Amino acid sequence: MRTELKTAIAMGAIVVGAVAVLSAYFTSLEEQIIPEGDVQTQTTQENSVLPDIGKSRFKKAPELQGISGYINTNSEELQEQIKGKIVLYDIWTYSCINCQRTLPYIVAWNDKYADQGLVTVGIHSPEFEFEKDINNVELAVEKFGITYPVILDNDKTVWDAFENHYWPRKYIADDEGYIRYDHIGEGAYDETEKIIQELLAERALRLGQNMEADQSLVDIEEFKHGARTPELYFGYDFAFGRNQIGNKEGFQPEKTVTYTIPENLKSNFFYLDGTWQNLGDRMVLTSESGTIILPYFAKQVNIVSAGNSELEILLDGKPISVSDAGSDVNEDGKVMTSESTLYNLVNTKESASHVIQININRPGFEIYTFTFG
C-alpha cells in the first residue's frame, strides 16, 4: 500500500506540473496576439490611474458658518463655487502688514488658476474692533484688487473651526474637501503655487479632463525681512505678557494718564509724552498734542491707527528724508490719518538701528500697534 501510494502521488504531481506548463503557454500566447489598439488603451488607463493618496490622514475643511457678511459673493453662491473645486482658504485681516504682503500672490494665483478649477476664499478674521466694519473691509478689498469671495469672520467662528492661531494662514483643500496644505505667515510662495498646480492636475485627472501642464510660477519680488524689533501693542489686553512701554507710568487699564519721556531710552520700547487714555486694544491721545518715541532695529516701520490727525515724522532727531519716508508720508514729512488702517512711516534701504519720533498735533489720535519689516 505504501508503494502504491507513493506511485499515485508521483503521477499526480506530474499531471499538475503538465497542466501548469500548458496554462502558462496559452496565457503567453494570448498576450502576444492582443490587438495593438487594446495595448495602447491599456497603457493609457494605467497612466491615468490616480495614485492612492491615503486621505485618512488629512482633515476635511470645516463648514463656513457664523459669517457676519459677504463681499464679492453670497452664501448660496459661495457654496456652489467651492463644490468640487480646489479651494485656497486665506485667513487674513486687512490692517496686518504680514497679510498685506501675501495678498499680491493670492490675487495673482486667483487670476491665473480660477479658470482651471481654483476657488480662493478670503476669510477676514479681525484683530481689532474697527476691522469688523464691512465698509472698512470693502475699502481694503478694493485697494488690494481682490475680486474673489471674502467672508467676514467677525466672531472668529471659522478661525476656531480651522483651529487657527495666526495671521496670515493659508489652507488648500482638494476637490474632495481634504486639507492637503497648510502654511503659516509669509513666504513659501513657490511651494504653495506648486501645490495648487498639483491639486489642479489631480482634479483634472479625476474628471478625465486634459489639462496642459503649466509649470511656470508667479513672478513677484518677495519682501526681505530684516527687523529685530517685535510687534509692539498699545492696548493693555494685547500687551499682556509682552509689555514694551518704557514710561515709568506704564499701562493703567481704563485710566487716562499723563506720560513724560525719560532721559534714557531702551531699544524696542516705546515712550509717550502727553495725556493718553488706556484702552484694551489701543491708546487715545486726549491732550492737545503728544509724542511717541521708539528706538528700533528694522528697515520698515508701520503703525495701525485711527482718528483724524496730522503726524510729523522724525528719524534720528531730524525730519525724515524723502529717501527714507514710507509710502504714507507726504513731501513735508507728515502723515494725514483718517481711515482706521495701517500706515507706512519709514522705509529705509537697509535694516539698522534708528529712533523714530512721531509728533501728534491734535487730540483724538488712536494708536493700536507698531509693526516692522
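The values are calculated or read from the model by the stated rules, or taken from the named source; none is laboratory data. None of the values given here were measured: they were computed from a predicted structure. When we count neighbours, we look across all protein chains shown, and the Cβ atoms used for this are built from the backbone with ideal geometry, even at glycine.
So which residues in segment 238-264 are surrounded by 15 or more Cβ atoms within 10 Å (Cβ to Cβ) and among the aromatic types (Phe, Trp, Tyr), if there are any at all?
Within segment 238-264, Phe238, Phe251, Tyr259 meet the criteria.
Before we move on, is Tyr70 under 14 Å from the mean Cα position of the chain (by Cα), assigned by TED's automatic domain parsing to the domain that holds Ala188 and not in a helix (DSSP H, G or I)?
Judged against the criteria, Tyr70 is not a match.
Which residue out of Val322, Val284, Val301 is in a loop (DSSP other than H, G, I, E, B) and either assigned by TED's automatic domain parsing to the domain that holds Gln357 or within 25 Å of Tyr236 (Cα to Cα) (or both)?
Going through Val322, Val284, Val301 in turn, the sole match is Val322.
Of the conditions (1) within 18 Å of Phe365 (Cα to Cα); (2) free of Cβ contacts under 8 Å to residues at least 24 places away in the same chain, Ala239 fails just one. Which one is it?
Of the numbered conditions (1) within 18 Å of Phe365 (Cα to Cα); (2) free of Cβ contacts under 8 Å to residues at least 24 places away in the same chain, the odd one out for Ala239 is (1).
So which residues in segment 294-334 are surrounded by fewer than 18 Cβ atoms within 10 Å (Cβ to Cβ) and in contact (Cβ under 8 Å) with a residue 60 or more places away in the chain?
Within segment 294-334, Phe297 is the sole residue that qualifies.
If you take the residues of segment 92-115 that are of a type in the set (Val, Ile, Thr) and over 21 Å from Ile303 (Cα atoms), which of them is surrounded by the fewest Cβ atoms within 10 Å (Cβ to Cβ)?
In this case the residue turns out to be Val107.
So, in segment 315-330, exactly how many residues are closer than 18 Å to Pro295 by Cα and more than 30 Å from the chain's Cα centre (by Cα)?
Residues flagged as closer than 18 Å to Pro295 by Cα and more than 30 Å from the chain's Cα centre (by Cα) within segment 315-330 amount to 7.
So which residues in segment 165-179 are in contact with a helix residue (DSSP H, G or I) (Cβ under 6 Å, 6 or more places away or on another chain) and either of a type in the set (S, T, N, Q) or not in a loop (DSSP other than H, G, I, E, B) (or both), if there are any at all?
Hits for segment 165-179 are Ile172, Tyr178.
Could you please find all residues in segment 175-196 being free of Cβ contacts under 8 Å to residues at least 60 places away in the same chain and not β-branched (Val, Ile, Thr)?
Of everything in segment 175-196, those that are free of Cβ contacts under 8 Å to residues at least 60 places away in the same chain and not β-branched (Val, Ile, Thr) turn out to be Tyr181, Asp182, His183, Gly187, Ala188, Asp190, Glu191, Lys194.
Do you know which of the residues in segment 110-163 that are among the aromatic types (Phe, Trp, Tyr) and part of a helix (DSSP H, G or I) is nearest to Leu200 (Cα to Cα)?
Out of the qualifying residues, it is Tyr113.
Considering every residue within segment 208-219, establish whether at least one is outside any helix (DSSP H, G or I), in contact (Cβ under 8 Å) with a residue 12 or more places away in the chain and under 19 Å from the mean Cα position of the chain (by Cα).
Yes: one or more hits.
Of all residues in segment 181-205, count the ones that are touching a strand residue (DSSP E or B) at 6+ places or on another chain (Cβ under 9 Å) and of a type in the set (S, T, N, Q).
Qualifying residue count, segment 181-205: 1.
Give the residue, chosen from Asn268, Asn264, Asn330, that is part of a loop (DSSP other than H, G, I, E, B) and at positive phi.
After ruling out the rest, the residue left standing is Asn268.
Among the residues of segment 131-166, how many are among the aromatic types (Phe, Trp, Tyr) and touching a strand residue (DSSP E or B) at 6+ places or on another chain (Cβ under 6 Å)?
2
May I ask you to say which residue of Leu199, Leu139 is over 17 Å from the mean Cα position of the chain (by Cα), surrounded by fewer than 21 Cβ atoms within 10 Å (Cβ to Cβ) and touching a residue at least 40 places away in the same chain (Cβ under 8 Å)?
Leu139
Considering each of Thr291, Thr337, Thr275, Thr348 in turn, give the residue that is surrounded by 17 or more Cβ atoms within 10 Å (Cβ to Cβ) and in contact with a Lys or Arg (Cβ under 9 Å, 6 or more places away or on another chain).
Answer to the selection: Thr348.
Which residue, of Glu163, Glu193, is modelled with pLDDT of 95 or more, assigned by TED's automatic domain parsing to the domain that holds Val121 and more than 14 Å from Lys112 (Cα to Cα)?
None of the other options fit; the residue is Glu163.
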